[in-house]
Structures are given as structure tokens and as C-alpha cells.
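The values are calculated or read from the model by the stated rules, or taken from the named source; none is laboratory data. In this text the structure is predicted, and so the values were computed from the model without any measurement. All Cβ positions, glycine included, derive from the backbone under ideal geometry; neighbour counts span all protein chains shown.
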Amino acid sequence: MSESLVKLTINGQLIEAPIGLNLIEAAKLIGVEIPHFCYHPDLCIAGNCRMCVVEVATLRTGPTGTPILEWNPKLTIACNTTVVEGMEVLTHTPRIIEARRGVMEFLLINHPLDCPICDQAGECRLQELAMDYGRAESRFVEEKERKPKRTLLGPKIMLDDERCILCSRCIRFMRDVAGQDCLGFMGRGSRSTLTCYPGREPSTNYDLNIVDLCPVGALTSVDFRFKQRVWFLKQTRSLCPHCSTGCNIVIGSRENTVCRLTPRDNEAVNQRWMCDEGRLNYRFINDPTRLVEPLSRMNENVQSLSWDEATRQIAERLTALRDGGEGRIAFIGSAGATTEELFLFRQLAGVLGVTLMDVVPHTGSADARLLQSDRNPNTAGALVTGVAAIPPGSRLLEIAQGIQDGRIRALVVLNEDIIPAGIGADLLGKLELLISVSRLPSAVTEAAHYLLPGATFAEKSGTFINRAGRIQRMNPAVASPGNARPEWRILAGLLAELGQPQEESLESIYRAMAQVLAPVWGVTWDAIGSQGVQLHVD
Amino acid sequence: MIVERPKLTIWDRLYMPQILKGMWITLKHIPMKRFTRQYPEETPPLPKRYRGVPTLVRDPEQRVKCVACQLCEFVCPPRAITVIPGFRAETGPDAKVEKEPSDFIIDMARCIYCGLCEEACPEEAIFLKKDYAMASYTREQMKLHKEKLLELGGIHEDRICKWKKK
Amino acid sequence: MAWSPQAEGDRMIINLGPQHPSTHGVLRVILELDGEEITRLWPDIGYLHRGDEKIAENMTYQQFLPYTDRLDYLAPLANNVAYAYAVEKLLGVEVPPRCHVIRVICCELSRIASHLLGLGCYAMDVGAMTVFLYCMREREKIMDLFETLSGARFTSSYIRIGGLANDLPPEFVPGVRAFLAELPAGVAEIDGLLTRNRIFVDRTRDIAVLSREQAINLGMTGPNLRASGVDWDLRRAHPYSAYPDFEFEVPLGSVGDCYDRFLVRLEEVRQSRSIVLQALDRLPAGPWYVDDGKVFLPPKTDVLTRMEPLIHQFMLITEGINAPPGEIYFSAENPKGELGFMIISRGGGVPHRLKIRAPSFVNLQALSVMAVGHLLSDMTAILGSLDFVMGECDR
Amino acid sequence: MWTDPAILEWIFILVKIIVIFGLVLSIVPYTVLAERRICAWIQDRVGPNRVGFQGLLQPIADALKLMLKEDMLSNHVHKVVFTLAPALVFMPSLMVLAVIPWGSAIGPMTCVLSDMNAGMLFALAVASFSVYGIALAGWASNSKYPFLGGMRSAAQMISYEVCLGLSLVPLFMQTGSLNLSAIVEYQTQHGWLMLYHPVACFIFITSLFAECNRTPFDLPEAEQELVSGYNIEYSSLKFGLFFLGEYANMLVASALVTTLFLGGWSLPFAPFNAPATVIWVGLAHVGIFVAKVCAMLFLFIWVRWTVPRFRYDQLMALGWKVFFPLALVNIVVVAVIMACRANL
């Protein structure tokens, strides 16, 4: 390793940095931030914003053969300068500050006075850097350049050309990462505008990433448009439940309403991206039809129960069925549930002597980037805990058959609509006892004898094990509506009622699980942290 | 400077002279002009800067000046303001503004009349007016909504007409 | 905390407060009485606790300013000023001379207002109700002046970090002059009704004597300390603002009893009047806010027409003034004593920790030293002479 | 039959009772109003002026308010005594009024309810009853502040009772009578006793301030110390009775001062310096008496809103160490002077 490191000095501090690293990243190593607009670690270097200028001196062999340090006469852009042995870099000299102030002044000349109506305000690089490096008062008195405003780029993105600072991040992303070369600049000088190539518009599943990339408010999300100011959003680190990739995300919520999902850095999983499908998959959390009360349904008589009462009744009836004979109960779990929930679910199956259980596989089309065909976020978890059959879904037919035969009298369904999976409404009608844990009403919840309202991913903590066997954590951003509660609490309550008292917090349940489940042995809750831990799953 | 501690003379120690002096002081006040005000009939003269109820204003063309930037909501120390952002009509004279509050709620039970909202507003849309008797019977009534706030605010002479120039 | 002191022998425990007319708010003092003589006492505070220091950690420096109005709510402007200077010290910002002098005027008018109320309440506590109303009448004129100045009588929130909310209104200076012309007559009435009145003197002389050493050891500040003869006034000791430019005397007591505390306050009113008069005479022209767009909000016209000011408006409000990391302590001579702000900053617009040294809180410590051995009736005189405010004590 | 002197006597007594009651029940509430307005004027305020013209109906509103308030009776009080105490405060003052001549005569009717020979003794004896009411109220409330108030009151009133009585001795020595009508008539002939006995007058008035619990001697209720002293636990009509009693006491005190020192119903010139023979002079005498009483009431009010309050020990010291010896010395001095004059 050591041969690939070079020594250089940044602001007088000697550091070692790997060869090939540019100065922005090198400065980051010692906590010095070099301001920039166009540079992005995952995109190619454009070097057009000129904000990251620094003073650089490199070693040269002098006339006598001794190396001498020679300062570059001009300021150098840090993004396109890689580290060199013996280099000296100064990042905040008066000359640099003056240059950046000039850059900022130019950038703001034609920038419209849109902050009050711009969704970016609050997370706008232009605002932040203007505060840090720009002048406080304006010398510009002329008319501003007019450009098209409020242009739709595809169905998901709103473009405001006046706000654009021509950093070209979006162009580079669409071309190099999303693989759809559709954006470009038109015109010259101050009349340059960002635009779509004629007849093309961003239409990949990754378009919305350019909204995150845009350092200003030129590109905004139609979905999030005028919904909420970002400075009010509570940022909760969580996971996307849309597929088995397990993209790391931030849930932006305000007062128990989830407003948006944005990707967060995880080099091992999703870098800084996420797909639009996953990003827009949050509305069900705020759905007004969410189930909020435990219900029992006996002969069309619907009654709402307290959790204690519901748990007691269910435990009683399940115990009666267990004692009545073998194989009368079947479980259908969900690979969308957290590992802890599946672990408890498996334990419950053990207590009730259930051997017949499975999860419902959900699949969809995959793409070459993040989206997987396995749309369950925790299939690996379901396999590890033993809830899923191998392959997942393979025992569903057996369950359907059992119900048909009348062998299976009771079915416990965890957050799944099983009708498309082959257990139709007619079969459900045959059941003596159907218990459904669910968040939204469906045909299954209509038929269920006991209906227990569960919580969405945004309302609980827990872990998912992704496709690659990485265990990652999510955190609750909002409270569950009404009396709904996380499934792990429901299951822990049922287990306690059946004589198996459980730990009170999810963290302790995880700890108990980590002692039993081989793949997670030795992985502590804290170790999972915000970036997850790679497990060794066979 | 050591303050002088009056030494009571024999005369003072007899109580009465000082009491009589005091009584003379108080007696002089009986015919004096009253300092207090007969409130509901006589309203106090309010200075120009008086900070009363916060209101929303329209410009002379009846346009709602607020664009729902929510700075006031952020700056409000007691969190009395709730802005629900919304869209302006896409056609029409003020389509350029794009954004407006679909509702603007000030909870007068929480408002401390500090005036920071007026100071923060980048659109000169919120002003503290001189009305001060804003009591109601219920907490719900204490919440002033957009319509009421606009009614209280009235028209504000706009020197700049920012959005017209866009 | 459930806690109930037990009386010794056949003594009686009696609660003075938290609902009691002479505890000036919600102070509770548990007294152990032998007849009417106080043998022991336990002050119980916290009834007005609002968590101001914690609130401060969750908002920008500017947003917290209205909360400082509510510390010593009898001198809100003086609190504003002390807080603004504290934050400016952290930021390393120096406001222009005009701002300093206006702040001095604000502080001294607040001092007059606060002392008038303090004296009035003190008089009321020993039974002279009318004096209280005369004091309130004079104070009311100051309140009106504050209203023209800031738009609010009481919770003025007039001072800004790096300046003021606004320049002086044109009618303010003549208004203050008119008030200062009337003030001596008002003070003379208070003087005439109390100072040589033997009933009042008997009630206050040699009551609750606090010696120099005791006062220092108890950490007393303000008029209560000076009444014990300690020459300590932060305006002199640690000059700040424009105070070095003004001539004034620091009144000191000679005995340290309730009577001295009364006399010192009365004299301070006169001294403050003289400071305000001097300040009005040499009110410098010029800007009233610091000319630094990174600290002070830009003018509204610029916000509406220029890009940089608009951005700074947004950033100053949502992010706050970008303060450097560091720790500072600033204290000012407020009417009640030394009001100090300790700010620990880790950078950014929000304090990491903000500690308020409230003079009333410290001054109240002296209660158990001062009151024991006196009668129940003296208790009101002592509380009145301490002139504390629970809003500040409990914060 | 109407002219039958015996029946006429009864009718007169009835009329006089009604007049006295009427006077008390009308003057007392207006004293309260006067107090509130005068104190307001002294303090540069307006005072109650909303109910009726210039607030003249305010007493009625106050009375209604007091009546309609919830009458609270705490569990810890001694109920019988607690209920009785307000009446015990109010009654003595009414009884004292029986012996005070509030005019000379209107036609055949003398303007005093009971012209008893030991009138002043009766007045002193009965007035001291009200201490029972206050002390018992303090005790029966079974609560600390009222208890302190009651105790203070008992000590204070008994102490000043002594000065009160002693200060009057020179008067009796000079007039040779304890009959109040006789004292007034003495003054019509010899001039007001205030001029003969300024020291006695001063001690008497000061002691009356103490007896009536008025500032600077209002320790039993001392708002800022004991919150409201003995009547803390009272509400509604019972509180109203205390309130009424206090002002009735003031009224009685003023009437006593008027009668003893200010020449009662008389003025030092004809035709007001002799008992009335015609009805209008009789009526004028009543008017003069009421005016003097009102002036005294004003003095009470005026002093209250000027001075601070004494401390308990200072008050007792003043009573026993100053007024008590002073009154004794005064008696001796007057006796010596009288002896000298008699012997010269």
C-alpha cells in the first residue's frame, strides 16, 4: 500500500494521500472543505465552476539539481488536480478568497430572486457558498438575463433555467450514470441554457438523482414541489424497502408526515443514488385508509379491541387449535418484514408447532444498476430465520392445498396480500381462523377474523439483510397512526401471551437474535451503525 | 459615593411632621389630572412602530404578497405560524410567482408579537398591524387563517413590485 | 421534589408563597416561626422554570432574543443589550458608536423603570400602597417611551445582534427629555413619603444587615451588593458599551440594611437620569448597526431587489449568524445585578450551550442569612429590598 | 292615642332604630366607595365610576357580587364559631351607635336611641366585644395566616383599648359626665373638647385607628404579610359581613370622635350651639353631625393611603411605652390644672 501513497502539505499540514486522489478529496481527509459546485465524486470532472480554486506549489528540480518548490502563478482548480509527492496546497489565502468571491458574484449576476419560492432554499449550495465566500451586498444594477422558467423535463422533474449555474452535473449524470444522453447546454455566454435534446427527455428510473445533484434549484422534483421547506424536515436514516438492494436513504418527515425519500451515501450499496421507483414509494405511509385499530370479525360482527384483548383472544384460539391436532396452523410471513420480526415470527411458529410456513415472493423487472428483480427487501433475512422456504414461495401451493383439504384450519398472515399468490378468497373463506397483520386494507384484511394494524418501514427500527448479505439498520421517522404498532411488538406480545416473554426494546430483541442466528453472531447493534455490516451467508 | 443616610431629628422622630408632610403630598393629588385612561372609550395613542397582530397584505393589484417561503414559520420563536404551501394558478397575472400559501395560520394564543416574522419576510408580505384586542373564546378561534389575516392586513403600498419585473 | 421541612419543638412552619402578594411572582419561602420570629427558612424556587437555557440550544442567536425579554421582565431592554453584547463578543463584532449610546440609553431607562418598580413594590410591601402607584406612574412614562422606540411596552425585543431593530424614532429624544424633566418631581414624592418617615425608617433600618464580607461571599451583585458598601459596578469595573464616556457616581451604602438598599436604589435612579441626559446630549450620528452583511440582516429594499442580500436574508434566518467555535462570558450591570451570559459555541448559528447567570437567583441566596432572627413582618421588607424577579431567577 | 307619650316614645324608638340602621347601611357601603375613589384620586387614578353615575351604584354591585359568590366552608374550620364570628364583629358597632347622639332633637324626638348615663362606658365595653369576633375568626379558621391575624388583632385591640379608655378620663373629669349627650351639650357651651385636650384627642384618634385595624395599624390583615389575616378563609356573605363590620367600626369611631371631641351635632355659633327647638335646626344638627363624621372618615381614608405600616412589636411598643404613659401623664396634668384652677 505504502508505495501508492504520496506525501503532500495542505495548509501547512503534512498528509499522506493515495495517488490519483484529487485535491478536494485529499483536503477532506484533514477536514478542510474546498467549496465546489460542478465537482461530484461519482461523476467525471468538468472543472467549469472555478469555485474550487487553490494555490498549488509543486517540486521541481532546480538548476543545481536540488528540488525547489515552485508556486503555480495561477490559481488551480482543486477538482482536476491530483496529488503529487511534495506538493503544497493552500486553500484559503486572501487571493483565493477574493477569486471565489468573484466567482460567486458572477454566479449571482443572473440568478433570479427566487429563494422565497425555490424548493432548494435551505439545501442550496449557492446559498451556502454565497454566505461563506460571497459578498454581502450586490454591485449589480443592470437587468438580469431572462430564461425559460417552469419547464417540465419528463414527468418527474421541473427545470428553471434562470436558476441554473451551468455546472453540468445533470448532463454528466444522465450521460454517464443513467445511460441516457438527453441533456445539454444551448446558447453561449450568459445566454447558455440547459435543455433537453429535441424529442428526448429524461425517462430512466434514475432521473430524480439529478434533482439531488443539482447544487441550486434549477432542477426540482415535481413530486416534492412546494410540499415542505427542507429546513423543517426531520432527517431519519433508513433503508429503502422497495427491492432487495437495500438502498440507504434519508426519510424527510415533518410532524408525522413523510415528505420525501432521498439517497444517502453508502459506497458498498448504492453510492449516492437511488431509483425513482423506490424514491416515490412512500405515499402509502401517509395513506388515510391506514388501519389504526385491532379488529375482530365474528359473523360479520366487527368489533375493535384493545391490544391486550386482541392478543389474549388470538393466543387462546391459536393454542386451542395447536392442542387440537398437528398441522392445523400455517404461517405466511413476509420478506418485507425486518429480520427481528421474522425471527419472532419463527419463534411463534415454534411455540405453536407450526411447520408449514413460507413467504410470498414479489418480483419485478431488474435493471443493471440498483433495482433488483427480487422486490422483497429482506428475502435473505427470511431465509436466515427459516421463515421462507427454499426457494421462497415454494410451499405456498402446499398451504393452499392444505386449506383446500381442510387440514389447515388457521392461517396467520404477516403483511401480505396472499390472493395474488394463489390463496384465493374462496380458500380464505374456508378457514376457521384467519389472522392478518396489515397496514392497508385488502381482500385478506376483509376476510380476516383478527386484523392487527402494523407499521411501515418509516415507523420502526429493525434490520434488513440485503441481496448481497449486508445487514443494515433503519430508524423510525414518524409515529404509527392511531393504535397501529410495529409488527415486532405485536409478535412479542403474542409470544409473551403464549408464555415466552420477550425483551422490551428492539435492540434487545436483536441482541437475543444475534445469539441464536448463526449468520449474525458477533455482529452488534452498534456495529451495524448507519452503513451496515457484510454478513457471511452461504 | 456613599449615599447619605438621613439622621432623623427629634422632630422627625415624633412621627407626625413627616406623616403630615406625606398627607400634604397625597392631598395635592386629589384635584390633579388623572393619569389612567378610561380604556374602552379612550383608546391609547399607538406609536408608529406599535407591534400588534401580525397580518398578511395584498399589493395594490389585490395579489396576495405572501409566496409561502416559510421563513416566518421558521423564525417564529414560539412556533405560532403554520404555512401550508400551495400553487398559484398557472394562468393569470401572477402566474410567475408560482407559489402561494394555500393556508396561513397564526395561532394568536402563541404569538408573542416579537415582530421577527415581519423582519424575516423577504417579500414584505407580513406586517404587524395596530390591532391588539384579539381575544376569542376558544383556542380554535384564536387561530387566524389566511382569509382573516388578509382582511386584517389590507393593501400594502408596494414600492418595488418585485414580481412584475420578472 | 416532595420535601417538607419539619418544625422543631413547638415552632410553626408557614409557607410564604408560592401564591403570596409580597413574593413578587412565584417564590416560595418555607419559614419556621417561633411566635412571629423567624428561626429558620428554606427558599424554594423553580415555579417559573421555563427551560430558557435549553430553548436557546435549539434556536439561532437572533431567535433567542425575545426570550431574554422574559428573564428580568422588569428591564427587558437591559437583558436584550446584555445578550446582544455577549453574542457580539463571541462573534468578535463591534457595533458603531451610535448603537452603543442608544443601548446605554435603553439600559439606563430600563434601570430607572426597574428601580421605580422595585422601590414601589418595596414601599407596598411595608404598607405604603400609594408610593407604589406613584412609582408605577413614572414607570408608565418609560413604558410609553419604549413603545415608541420598539413597538412594545414590555417585551421590547428591540436590540439585534450587531445593532438595533431600528433607529431612534424622531419623537423619542424629545419624549425622553420631557420624561427626565418630570422625573425629579416624581422621585421627590417618593422621597417625601418615605425617606424620613419614621414608620418607614423603623421598618427598614438595621433590618437584615448584610456585611461587606457576607455580601461578597454570597456572590451578591447590583444595588444589593453596593448597599453593603462594596464598590463594584460592572459599568466601572469591566467597562462595556459606551459607559466609559459618561460621568456618573456609583452610590454605596454604609450599613447594608434594608434602608441602605432603598437609598442606593433611589440614588441610582438619579444617576441613571444623569447618564441618559449625557447620552442624549452627545448622541453620535452615523449607522446604528454593524456594517457587516454576514451578521446583520440586509435592508428590506435590497432583499427585494438584489440577489446577495436575498441570500443573506435567507441564510441569516435559517442558519443564523455563523459564529466561530469558542467559549465566552459576558456580563452586564443590569438593574438587578450582574446578568451574565456564558456561551459555548461549536461553530454555526446555534449555541451549543448557553448559561444565564441570573442576578436574582444569586441574590436570593442571601435570604436565609438575612432573615433569620427577624419577624415575619420583616420578611416582606427584606423580600422587597432584595428586589428580585422570579422570571430571571427560575429562567 | 298617638299623642300618648308612652306610645310616642315607642314610635320614636322605632324611628330611631330605623334611622340608625339606615344610616349605617347606607353610609357604610358608600364609605367603601368613598375609600376606593379617594384612594384612586390620591393615586392619580379614576376609581370605580362605571356602575351608575360616577360609580354611585357600585356599592350595590359589590353587595350583589358578594352575595352571589360561593360560600365556601372548608372542612377544617370550626363551623359554628366560624359562622358566628362575622356577626360578632358587626354587632358591637351597631350597639355602640345606640348611645351616640346623632342630633339634638327633631321636634319632640331626641336624637339618641338610648340616652344612658354611663353611655361612654357602655360604648367602650361593647366596642371591645368586636375583638372576640376577630380572634374567634382567626381561631376557627384553623389555618395559619388567619391564626396569626387573630392573635395580632387580639393583642393589639386589648392594648389600645387601655389607651382608649385612659385618654378619655380627662374628658370625664372636665365634663363630669359619662353621658354622651351631656358631653355634647357641655361642648355647645364651653367649646369643643379637642381644644382643651389635644393630647387626649390625639391618643384617642390614634388608638381608634388601631382599634379599627386601619393603616398604619392594620397588622391583623396586613395584605403584604398575612395576605388578609383573619378573613382569609371567608367568602361570600360572611366575608361581606367582616367587610361591613370593619367600615361600620370606622363609622362608629368617627361618630365617637365627633361626639367627644368635635362638639357632636353642634357648631360654635347660633342657632347651632344649642339643642334645637325647631325642626329645621334639628335636621341641620343631624346634617352637621353627619358632615363631621364624614370628615373623620375622610381622615381615616386619607391617612391609610399615605403612610406605611408599623411592625407588630413597634405597634405594641408604641401602645404600651408611649401612649399608655402619655395618657396617664395627661390625666395627672389635667388633674393638676383642674385642681389649680379650682383652688385659684
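Of note:
- Residues that are in a loop (DSSP other than H, G, I, E, B) and either in contact with a helix residue (DSSP H, G or I) (Cβ under 9 Å, 6 or more places away or on another chain) or not assigned by TED's automatic domain parsing to the domain that holds A:Pro392 (or both), drawn from the range A:321-338: A:Gly327, A:Arg328, A:Ser334, A:Ala335, A:Gly336, A:Ala337, A:Thr338
- Among (1) among the aromatic types (Phe, Trp, Tyr); (2) farther than 19 Å from C:Val264 by Cα; (3) within 12 Å of chain D (Cβ to nearest Cβ), the one test that C:Phe179 misses: (3)
- Screening C:Asn15 on (1) in a loop (DSSP other than H, G, I, E, B); (2) more than 24 Å from C:Leu71 (Cα to Cα) shows it passes everything except condition (1).
- Checking B:Glu90, B:Glu124, B:Glu118 one by one, the residue that is in contact with a Pro (Cβ under 8 Å, 6 or more places away or on another chain), within 12 Å of another protein chain (Cβ to nearest Cβ) and not in a strand (DSSP E or B) is B:Glu118 and no other.
- Filter pass, C:Ala56 being away from chain B (no Cβ under 14 Å) and closer than 27 Å to C:Ile328 by Cβ: no
- Looking only at the range D:195-227, and only at residues there that are modelled with pLDDT under 75 and either within 19 Å of the chain's Cα centre (by Cα) or over 20 Å from D:Ala317 (Cα atoms) (or both), the one that is nearest to the other protein chains (Cβ to nearest Cβ): D:Gln224
- Any chance C:Phe262 is touching a Pro at 6+ places or on another chain (Cβ under 9 Å), in a helix (DSSP H, G or I) and within 11 Å of another protein chain (Cβ to nearest Cβ): no
- Total residues in the range A:289-302, condition among the acidic types (Asp, Glu) and either touching a residue at least 12 places away in the same chain (Cβ under 8 Å) or assigned to a helix (DSSP H, G or I) (or both): 1
- Of the candidates A:Ala400, A:Ala388, the single residue that is in a helix (DSSP H, G or I) and either in the same structural domain as A:Gly482 (by TED's automatic domain parsing) or in contact (Cβ under 8 Å) with a residue 12 or more places away in the chain (or both) is A:Ala400.
- Consider the range D:1-44 and keep the residues that are part of a loop (DSSP other than H, G, I, E, B) and surrounded by fewer than 18 Cβ atoms within 10 Å (Cβ to Cβ). The one that is nearest to the other protein chains (Cβ to nearest Cβ) is D:Trp2.
- Test for C:Arg226: is it touching a strand residue (DSSP E or B) at 6+ places or on another chain (Cβ under 6 Å) and within 10 Å of chain B (Cβ to nearest Cβ): yes
- Residue tally, condition surrounded by fewer than 22 Cβ atoms within 10 Å (Cβ to Cβ) and either in the same structural domain as A:His362 (by TED's automatic domain parsing) or over 15 Å from A:Thr262 (Cβ atoms) (or both), over the range A:198-221: 7
- Residue in the range B:73-85 that is farther than 30 Å from C:Asp52 by Cβ and touching a residue at least 24 places away in the same chain (Cβ under 8 Å) present: no
- Being away from chain C (no Cβ under 14 Å), within 20 Å of D:Val32 (Cβ to Cβ), among the hydrophobic types (A, V, I, L, M, F, W, C) and assigned to a helix (DSSP H, G or I) holds for only one residue in D:Leu260, D:Leu328, D:Leu251, and it is D:Leu251.
- Taken over the range D:136-158, the criterion of being over 17 Å from the mean Cα position of the chain (by Cα) and among the polar types (S, T, N, Q) is satisfied by D:Ser141, D:Asn142, D:Ser143.
- Tabulated pairs, the range A:11-38, first under 20 Å from A:Ser168 (Cα atoms), second aromatic (Phe, Trp, Tyr), C-beta under 7 angstrom, 6+ apart or interchain: A:Ile24/A:Tyr39; A:Pro35/A:Tyr133
- Test: residue in the range C:166-176 that is touching a Ser or Thr at 6+ places or on another chain (Cβ under 7 Å) and in a helix (DSSP H, G or I): yes
- Every residue from the range A:487-538 that is of a type in the set (D, E, K, R) and touching a residue at least 60 places away in the same chain (Cβ under 8 Å): A:Glu487, A:Glu497
- Matching residues in the range C:50-74 - criterion: being more than 30 Å from C:Leu119 (Cα to Cα), among the hydroxyl-bearing types (Ser, Thr, Tyr) and in a helix (DSSP H, G or I): C:Tyr61
- Condition met for A:Glu300 (under 20 Å from A:Pro241 (Cα atoms) and either crowded, with 17+ Cβ neighbours inside 10 Å or of a type outside the set (S, T, N, Q) (or both)): no
- Considered as a group, the residues in the range C:39-90 that are without any contact (Cβ under 8 Å) to a residue 24 or more places away in the chain and buried (at least 24 other Cβ atoms within 10 Å of the Cβ) include one that is farthest from the chain's Cα centre (by Cα), and that residue is C:Tyr67.
- Members of the range A:206-230 that are within 11 Å of chain B (Cβ to nearest Cβ), among the hydrophobic types (A, V, I, L, M, F, W, C) and closer than 19 Å to C:Met315 by Cβ: A:Val230
- One residue from A:Ala447, A:Ala484, A:Ala468, A:Ala479 being free of Cβ contacts under 8 Å to residues at least 60 places away in the same chain, outside the structural domain of A:Ala268 (by TED's automatic domain parsing) and more than 18 Å from A:Leu348 (Cα to Cα): A:Ala447
- From the list C:Ala123, C:Ala181, the one residue that fits, being surrounded by fewer than 19 Cβ atoms within 10 Å (Cβ to Cβ) and either on the phi < 0 side of the Ramachandran plot or assigned to a loop (DSSP other than H, G, I, E, B) (or both), is C:Ala181.
- Residue identified as of a type outside the set (Asp, Glu) and out of contact with any helix residue (DSSP H, G or I) (no Cβ under 6 Å at 6 or more places or on another chain) among A:Thr193, A:Thr204: A:Thr204
- Test result for B:Tyr132, part of a loop (DSSP other than H, G, I, E, B), facing another protein chain (nearest Cβ under 8 Å), in contact (Cβ under 8 Å) with a residue 60 or more places away in the chain and within 22 Å of the chain's Cα centre (by Cα): no
- Selection over the range A:303-312 of residues that are assigned to a helix (DSSP H, G or I) and crowded, with 17+ Cβ neighbours inside 10 Å gives a count of 2.
- B:Ile81 falls short on exactly one of the conditions (1) within 11 Å of another protein chain (Cβ to nearest Cβ); (2) at pLDDT 90 or above; (3) buried (at least 21 other Cβ atoms within 10 Å of the Cβ), and that condition is (1).
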